[in-house]
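Chemist: Below: one structure in structure tokens.
The values are calculated or read from the model by the stated rules, or taken from the named source; none is laboratory data. Please read all numbers here as calculations on a predicted model, not as lab measurements. Positions of Cβ are backbone-derived with ideal geometry, glycine not excepted, and every protein chain shown enters the neighbour counts.
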Amino acid sequence: MMPDRYWRSVLYVPGDNPSMIQKSFVYGADAVTLDLEDAVGMTKKHQARYLVKNAIEYLDFENTDVFVRVNSIASEMWKKDLELLNLSKITAIRLPKAEAGHEIFEISDYLAEREKELNMKNGSVFLIPGIETAKGYLNLEKILNSSERVIGVGLGSEDFITDTGISRKKLETVKVGMVLTARAYGKFVLDSVYPDFSDERGFENECVMAHECGMDGKSLIHPSQIETANRVFSPSLKELETAREILGLNRKNSTGDAFNYKGQMVDKPIIERCERIVKYGEKNG
Amino acid sequence: MAEIYRDIKKLIEKINIKNGQTISFHHHLREGDMVMGIVIKAAHELGIKNLRVCSSSIMKCHDFLTEYIDNGTVERIETSGLREKLGEYVLAGKMDEPVIIRSHGGRARAVGCGETEIDVAFLAASSADSFGNATGITGKNAFGSMGYGIWESKNAAKTVIVTDDLSDDMLEIKSVCQSNVDAVLVVDEIGDTQKIKAGSLRIKKDPLTGRVAQNTAEFLMKSGIKLNNAGIQMGSGGISLQTVKYLEKYMAENEMKFSFAIGGITGMLVDMLNCGIVKSLADVQSFDSCCAGSMYKNRNHHEIDVNTYANPLNKNNMVNSLDIAILSALEIDTEWNVNVITGSNGKFMGAVGGHQDVAEGCGFTIIVSPLIRGRIPVLTDRVNTLVTKGEFIDAFICEYGVCVKPEHEEIIEKLNGNGIKNLTLRELYDKTLKYVGKPEKPVYGDKTVAIVQDRYGNTLSEIKNLVK
């Protein structure tokens, strides 16, 4: 199942920067990722874990969902990253450099134990693995199916480019491939960050390309990118109106058969897409 | 014909400036001003003592004044603002007489009614003619409006125009009229061209400023406050400039126009005038160099004096016609009082400018600021220095949202209907306590070093010497 939420813009915030964490939710991002991995140097990991713990505990993130990016499974640091956190205040854990399904089992089992301790419903905390290597890409199907907690995946383009030698401009095929696989299992896909936040046009072009590839949103490194991402990954007002009209006609269609809308055949997948668009509209006014 | 001088000392001797007299200046040349320095230096060399310097504001470029206070040339200061080295000097208690701090309107009143009697006004002009007419609109160092200087020329006992561009032919535009001018002093440069032309205002790209601006623009679009045909003062801070940018698009899309914009006029307001989004500009002070050219070419870009702008004794002043104003703050407290002159560390960091005037005269006054700057809360339990009374403020907008005074029930209802939650100052204050705690207040001594007056000359705050 696709999640009942929309993460068009997911802002990375370094876990060791209290000022940025404190203001991270005021900019209108759908979610923030408090980062304990790449944004935090080895000597500051410990300090960042406490900052993130306290932020989650004491800040009111209002309408912004909170993700935490832990260190990779291979590093063994991820457990330390998670052991301090109040999981009930986290929507999802972002898991970098996912390459195999068994990695997901391990963290999923750990989360199940913690949820039990905290009297939380099993599976409350979602997982969003990051695809950053060729191996991860080739094992995407296994990763997506490794746990019910996996609600989607994110592309990590910098590491992916380093690992594969594929240029940023040619990542389109990879993005389409990820979307096809994720959609087959009802999951969503987040595009990777665009590192040059001063290049507004380049950023917007990349958002448009990702949107056209079917991706659902984008990871961001600067608040100035939020507005553009929200705009590009939102359905237009016209799309919203059309979706509402189609759903209205569908309610009157007692047979359940496909029907005609302005010369276009409307069947189940179109109805589902329209429901998704309208749900988005209700959430975002 | 006016008397023309090229030697400042000869001029000072001729007009006979005496010890203890009051000389005045405007700050239209921003950080590029050289005129105050030329006059004070010459007065010192002539052995004149105990002058009162009355300037529409004092900038960083006037830090040299400390030297002339030390040597006795300057004894008293009246201004709209203090900053940097001179500010620290004053706070250290090194002046015998407290600095008098007034708003632009308060100064216009004091000068107009004789509370502050100006013996000689030295008014920088980027162009003057041999008749004595002067302007800031033309000339190589054109700086725009002479709004503060015009009123000064009408009230000072003697007026000296200081220019670096003297024409034998009569000026095309006359901001200051020859009938109010006693002499013209020609100097090599009235200021540093680069600094005069640079202007002080650029849109900041930082996301926090953008967020507050977005919240402000959204508030104005959804609060039910009438924008079409409104009179506005948007201010010159980064948040105001970005708010204008958001509103510009909205106004154009909805075919709405502002009636007029006043105050410090920015390049962005000039653009809005040119696009027809604002019908006219009333310019008492130009913040961008393009304003001079705009006033020269566009008959809807008016130069006004500070009396017309904000003198509270002039009932038809323009601030009283304002519908919406956006003002900044260094501090705001839970009683809505605002401080724009000292930081939470007690240091001088700004100027009153037109803050008191606009807040009192305007229909709806909004204070915009981040709730927390760095790790210092802007919202506090009590402002360090009271500059503008809370009774004149209607709303506070920060990165966390909008806070409208409870008595504006209709606006609050409208906001709620449009999905905008109206926060309370108490809620926001609690947020600051939770996030950054309560910073220590500055520690002051017993000596009064500055007095902040209200528009009518009453004392609002006495600032004491800063101990820590």
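Chemist: If you scan segment A:50-91, which residues turn out to be of a type outside the set (D, E, K, R) and touching a residue at least 60 places away in the same chain (Cβ under 8 Å)?
Modeler: A:67, A:91
Chemist: Next question, about the same structure. When residues of segment B:429-461 are filtered for being surrounded by 14 or more Cβ atoms within 10 Å (Cβ to Cβ), under 25 Å from the mean Cα position of the chain (by Cα) and part of a strand (DSSP E or B), how many remain?
Modeler: Number satisfying all stated conditions: 8.
Chemist: If you don't mind, there's one more thing I want to ask. State yes or no: is residue B:247 of a type outside the set (Lys, Arg), modelled with pLDDT of 95 or more and not in a strand (DSSP E or B)?
Modeler: Judged against the criteria, residue B:247 is not a match.
Chemist: Given the condition touching a Leu at 6+ places or on another chain (Cβ under 8 Å), over 22 Å from residue B:108 (Cα atoms), surrounded by 24 or more Cβ atoms within 10 Å (Cβ to Cβ) and hydroxyl-bearing (Ser, Thr, Tyr), answer yes or no: does some residue in segment B:343-359 qualify?
Modeler: no
Chemist: Can residue A:131 be described as of a type in the set (Val, Ile, Thr) and at pLDDT below 95?
Modeler: It is false that residue A:131 is of a type in the set (Val, Ile, Thr) and at pLDDT below 95.
Chemist: Across segment A:32-54, which residue is farthest from residue A:91 (Cα to Cα) among those that are within 14 Å of chain B (Cβ to nearest Cβ) and surrounded by fewer than 24 Cβ atoms within 10 Å (Cβ to Cβ)?
Modeler: A:51
Chemist: Anything in segment A:260-285 that is modelled with pLDDT of 85 or more, surrounded by fewer than 16 Cβ atoms within 10 Å (Cβ to Cβ) and not charged (D, E, K, R)? List them, or say none.
Modeler: Result: A:260, A:261, A:263, A:264, A:265.
Chemist: Can you name the number of the only condition in (1) away from chain B (no Cβ under 14 Å); (2) out of contact with any strand residue (DSSP E or B) (no Cβ under 7 Å at 6 or more places or on another chain) that residue A:237 fails?
Modeler: The one condition residue A:237 does not meet is (1).
Chemist: Could you tell me whether segment B:405-420 includes any residue that is part of a loop (DSSP other than H, G, I, E, B), within 14 Å of chain A (Cβ to nearest Cβ) and over 30 Å from residue A:17 (Cα atoms)?
Modeler: Checked against the condition, which is being part of a loop (DSSP other than H, G, I, E, B), within 14 Å of chain A (Cβ to nearest Cβ) and over 30 Å from residue A:17 (Cα atoms), segment B:405-420 yields at least one hit.
Quick grid of which residues meet (1) closer than 21 Å to residue A:186 by Cβ; (2) at pLDDT below 95:
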site	(1), (2)
A:207	no, no
A:214	yes, yes
A:220	no, no
A:224	no, yes
A:230	no, yes
A:235	yes, yes
A:238	no, yes
A:244	no, yes
A:247	yes, yes
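Chemist: In addition: Only one of (1) away from every other protein chain (no Cβ under 13 Å); (2) under 20 Å from residue A:154 (Cα atoms); (3) crowded, with 23+ Cβ neighbours inside 10 Å is not met by residue A:29, so which one is it?
Modeler: Unmet condition: (1).
Chemist: Shifting gears a bit: Out of the residues in segment A:73-100 that are over 27 Å from residue A:6 (Cβ atoms) and among the small types (Gly, Ala, Ser), state the one that is modelled with the highest pLDDT.
Modeler: A:100
Chemist: Let me ask you something else. Quick check on this structure: which one of B:239, B:196 is within 21 Å of the chain's Cα centre (by Cα), within 14 Å of chain A (Cβ to nearest Cβ) and among the hydrophobic types (A, V, I, L, M, F, W, C)?
Modeler: Only one candidate qualifies: B:239.
Chemist: Residues in segment B:66-82: is at least one small (Gly, Ala, Ser) and under 30 Å from residue B:170 (Cα atoms)?
Modeler: no
Chemist: Taking residue B:270 as meeting all but one of (1) assigned to a strand (DSSP E or B); (2) without any contact (Cβ under 8 Å) to a residue 40 or more places away in the chain; (3) surrounded by 20 or more Cβ atoms within 10 Å (Cβ to Cβ), write down the number of the exception.
Modeler: Going through the list (1) assigned to a strand (DSSP E or B); (2) without any contact (Cβ under 8 Å) to a residue 40 or more places away in the chain; (3) surrounded by 20 or more Cβ atoms within 10 Å (Cβ to Cβ), residue B:270 breaks only (1).
Chemist: Before we move on, is residue B:390 without any contact (Cβ under 8 Å) to a residue 40 or more places away in the chain and either within 14 Å of another protein chain (Cβ to nearest Cβ) or buried (at least 16 other Cβ atoms within 10 Å of the Cβ) (or both)?
Modeler: So residue B:390 does not fit the description; no.
Chemist: Another one. Any idea which of (1) more than 25 Å from residue B:465 (Cα to Cα); (2) modelled with pLDDT of 95 or more is the one residue B:141 doesn't satisfy?
Modeler: (2)
Chemist: Still on this structure: Take residue B:152 and decide whether it is within 27 Å of residue B:19 (Cβ to Cβ), in a helix (DSSP H, G or I) and in contact (Cβ under 8 Å) with a residue 12 or more places away in the chain.
Modeler: In short, yes.
Chemist: Can you tell me which residues in segment B:59-70 are aliphatic (A, V, I, L, M) and out of contact with any His (no Cβ under 7 Å at 6 or more places or on another chain)?
Modeler: B:65, B:69
Chemist: Conditions first: (1) more than 22 Å from residue B:446 (Cα to Cα); (2) in contact (Cβ under 8 Å) with a residue 24 or more places away in the chain. Residue B:101 passes all but one, so which condition is the exception?
Modeler: Residue B:101 satisfies every listed condition except (1).
Table: residues versus (1) of a type in the set (Gly, Ala, Ser); (2) surrounded by 18 or more Cβ atoms within 10 Å (Cβ to Cβ).
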| site | (1), (2) |
| --- | --- |
| B:49 | no, no |
| B:57 | yes, yes |
| B:83 | no, yes |
| B:86 | no, yes |
| B:121 | yes, yes |
| B:131 | no, yes |
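Chemist: Could you please tell me which pairs satisfy a Cβ distance under 8 Å, a separation of 6+ or placement on different chains, a first residue in segment B:435-459 that is over 30 Å from residue A:25 (Cβ atoms), and a second residue that is surrounded by 17 or more Cβ atoms within 10 Å (Cβ to Cβ) and modelled with pLDDT under 90?
Modeler: Sorted first by the residue in segment B:435-459, then by its partner, the pairs are B:442/B:344.
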